[in-house]
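Notes for the one structure printed next.
The values are calculated or read from the model by the stated rules, or taken from the named source; none is laboratory data. Remember, predicted model here, so these are calculated numbers, not experimental data. Backbone-built Cβ (ideal geometry, glycine too); neighbour counts: all protein chains shown.
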Amino acid sequence: MARPIPGRSPRGRAAEAAARSTRGWAGWLFVLPALAFYVVFVLRPIALTAQYSLYEWDGIGPSTWVGLANYGRVFTDPELFDSLVNAVKLIVFFSAIPVVLGLAIAATIRRIAASRLALVARTVIFLPQVIPLVAAGIAWSWLLSSTGVVNQFLTLLGLGRVTRAWLGDFATALPAVGMIGAWVLLGLCTLLLLAGMSKIDVALYEAARLDGAGAWREFVSITVPSLRQEIAVCVTVTVIAALASFDIIYISTQGGPGNATMVPGLQIYYLAFSERQIGMASALAMVLMLLVIACALPIQWFTKDGNR
């Protein structure tokens, strides 16, 4: 049995416990506005979407209970399932390319950090993050058109036989959209990784050089392992951007040609507002949310310090 602390009366211990309880309630009062906002504008819409997904409803008239039939259609309807497949394919462009190129560019900028060129490079690379995505989609639609700058440049190089309407060709539409996404996200990944590199102890590089390590060995053995958390953030953000992509695709291709660039976000929009299939759109939205969670959680788990 624990002995009472000498010099402290029961009344004093009770007052201290009451003070701790008061501080705890005061903390919850500060959290309450943000918690209420989260419940009303995040959790409640998710709950309503889950509810709507179990019904066949046009958004106006009476609804009909269909259970899990809408979810079954998501995985059996080729048009709906292919939109999920396209979103997964975009991960290569939205995530892998920006992260890999971001590492290379950040390492290069770090080596010339004292020069003015480094400042200019950071500014130019981050510009796509400042430009509205709608404007970026319009600009790239012009650049990749059959008479755009890209085809003109290829013709100038004597590669006129490979020119095409890049966003209008079934074979190249999805990769072209993916490259637009990679261009947009490259600046964010580069700056995040560059910020992480600034925290690496310079003594590690000096010790590696004394041991005869070259630039590549320093990058592989020191830089990349030290950026574990930053890389995890970049991969998580870019994977979510790929799976939830909407604006760039809506502006540049609207899901075409055919359904070559159709993604879940755009499909949900068409189902809900064009075809008035609220239940089907809600089911696809829930599947997309689960897909995002299924992709993001393993990334976070794998990059925890305890899992190294």
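In region 187-216, the residues that are in a loop (DSSP other than H, G, I, E, B) reach residues that are of a type outside the set (Lys, Arg) and at pLDDT 85 or above with C-beta atoms within less than 6 angstrom, at least six apart or across chains, in these pairs: 200/226. Among the residues making up region 32-86, those that are in a helix (DSSP H, G or I), hydroxyl-bearing (Ser, Thr, Tyr) and closer than 29 Å to residue 254 by Cβ are 49, 52, 71, 76, 83. Checking each residue in region 260-308 for being of a type in the set (S, T, N, Q) and either more than 27 Å from residue 175 (Cβ to Cβ) or not in a helix (DSSP H, G or I) (or both) picks out 261, 277, 282, 300, 303, 307.
How many residues are in contact with an Asp or Glu (Cβ under 6 Å, 6 or more places away or on another chain) and of a type in the set (Ser, Thr, Tyr) when one looks only at region 260-308?
0
Taking region 31-74 as the search range and keeping residues that are without any contact (Cβ under 8 Å) to a residue 12 or more places away in the chain and aromatic (Phe, Trp, Tyr), which one is farthest from residue 287 (Cα to Cα)? For region 31-74, the residue satisfying everything is 37.
In summary, residue 169 fulfils each of the numbered conditions (1) among the acidic types (Asp, Glu); (2) modelled with pLDDT of 90 or more; (3) surrounded by fewer than 13 Cβ atoms within 10 Å (Cβ to Cβ) with the single exception of condition (3). Sub-8 Å Cβ pairs linking a first residue in region 231-260 that is on the phi > 0 side of the Ramachandran plot and in contact (Cβ under 8 Å) with a residue 12 or more places away in the chain to a second residue that is of a type in the set (A, V, I, L, M) and buried (at least 18 other Cβ atoms within 10 Å of the Cβ), at least 6 apart or interchain, are 254/266; 255/249; 255/262; 255/263; 255/266, ordered by first then second residue.
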